[in-house]
Amino acid sequence: MTTTQSDPSPRTAPAVLPQLARFLARPQVLTPIGLRSGSGWRILASVTALHLAGMLLLILPLLTLWQKTQDLPLPDAFGKVPSHWLLPLTILAAPVLEESIFRGWQTGRPRALWLLGCFAALVAIAALAPGLDPVVLIATIGVMAAAAGVGWFRLRKRKDAPKVYRAAYPIVFWVVALAFAAVHLMNYPSASLLSLPMVLPQLWAALLLGFTRQRVGLVAAMLQHGAANAASMALALAGN
């Protein structure tokens, strides 16, 4: 069975800190409480406030100094995106897609893990696509899509995370958090060891979003992610 923390639901940011500290010390699969109660919204508000405070007041000022002293390039991920698409992509699309891919499956429900496996297989197929016959490629994608749908339906009643997944979750959590940060190195035109600190905001986000996903739910993590992206965009636009 999945577990829940025994702490009373926090009403303020300081009250959520012990829960967050325990979770990061030993990440565990929880039963999200959702946003249908005031408790879920209070936790979301508290973690989002902590997320924004750490990012805006500490991490980003230090990284701005690091970027200037090391003469590192600025991110250019959205340089070719039309300006009218920038806000919808960063505030709406990116939080939904990134949370679904990186944390949507982290409660370990069997059908979510099945979809993750199918997604990984599709990524591998896409990597091999240039060397495959078009008919074989289309047939393989069709088979994988059908397998994803069948697995999603057949596993719909199984809710508990597998024991092996719960045991491995601390490692899974940290690997995914590091991968989430590393992927954002692609935002920069060139990357080196000196560039690694530039994705500290994404690592910080991954840690707090992982807690929110487990403690409250996927929708809450998406909302928190959107708020963080909106704050970053507002800061960037104010600096122009």
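Read-outs throughout are calculated quantities, based only on the coordinates presented, and are distinct from any laboratory measurement. Note that the structure is a prediction, hence the values are computed from the model and not measured. So basically every Cβ, Gly included, is an ideal-geometry build from the backbone, and we count neighbours across all protein chains shown.
Annotations
- For the stretch 130-240, the spread of Cα positions along the three principal axes, ordered from largest to smallest, is 49, 40, 27 Å.
- Signed unit charges on C-beta, dipole axis of the stretch 109-160, positive-most listed residue Ile138, Ile125, Trp152: Trp152
- Sites Ala127 and Met186 - FRET efficiency at Förster radius 22 Å, r taken between beta-carbons, to 0.05: 0.90
- The Rg/Rh ratio for the stretch 109-160 is 1.08, where Rg is the radius of gyration of the alpha carbons and Rh is the Kirkwood radius.
- Label-point separation in nm, Phe153 to Val136, each point 7 Å along Cα→Cβ: 3.0 nm
- Virtual spin-label span in nm between Leu194 and Asp76, 7 Å along Cα→Cβ: 1.7 nm
- Size of the chain: Rg and Dmax of its alpha carbons, in Å, are 19.5, 58.
- Within-11-Å neighbourhood charge of Val47 [Cβ basis; K, R +1; D, E -1]: +3
- Pairwise label distance in nanometres, Leu17 with Ala49, each label 7 Å out on the Cα-Cβ vector: 1.2 nm
- Taking the stretch 109-160 and dividing mean pair separation by its residue count, relative contact order in percent (alpha carbons under 8 Å, at least six apart): 68 percent
- Linear extension gain, Leu86 paired with Ala179, 0.36 nm per residue minus alpha-carbon span: 31.1 nm
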